Amino acid sequence: MLRRDPSLRLTETGRTVLRLLDAGAAVTRDKDAIAASVPPHCVSAVARLAEAYAKSWQLFAAEIQSMGSAGRV
């Protein structure tokens with residue numbers, strides 16, 4: 001549904017959002033294979049980044065939900 005939305009497809013920022021959502025879907029879909037491909041010496045750094053990005057996504061979700069509630073989206 002989101003990929004067909006012209007307001008996302010036809011703007012650079014919208015395409016960035018779609019690419020980020022696609023990347024998140026890939027992690028969800030291929031989590032085991034992706035985790036297995038991380039070299040042992042990178043596991044801690046990748047885990048820390050994943051946790052930081054997860055927090056960032058949670059803040060982003062809260063922000064856009066509040067914008068939607070306020071009628072700004």
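The residues of the chain present an accessible area of 84 Å² per residue when probed at 1.4 Å with all protein chains retained.
Kindly provide log₁₀ I(q)/I(0) values, in the same order as q = 0.13, 0.20, 0.24, 0.27 Å⁻¹, from the Debye equation applied to equal alpha-carbon scatterers of the chain. Results for the chain at q = 0.13, 0.20, 0.24, 0.27 Å⁻¹ read -0.54, -1.01, -1.18, -1.25.
What the Cβ-Cβ distance of Cys42 and Leu10 gives, at R0 = 35 Å and to the nearest 0.05, is a FRET efficiency of 0.40. Counting only protein heavy atoms and a probe of 1.4 Å, the accessible surface of the chain is 63% carbon and sulfur.
The values are calculated or read from the model by the stated rules, or taken from the named source; none is laboratory data. The shown structure was predicted, so the numbers you read here are calculated from the model rather than taken from an experiment. Using ideal geometry, Cβ is built from the backbone for each residue, glycine included, and neighbour counts are taken over all protein chains shown. Each accessible area value is taken on the protein alone, full model and side chains, heavy atoms only, with ligands, DNA and RNA left out. Shrake-Rupley method; radii C 1.70, N 1.55, O 1.52, S 1.80 Å.
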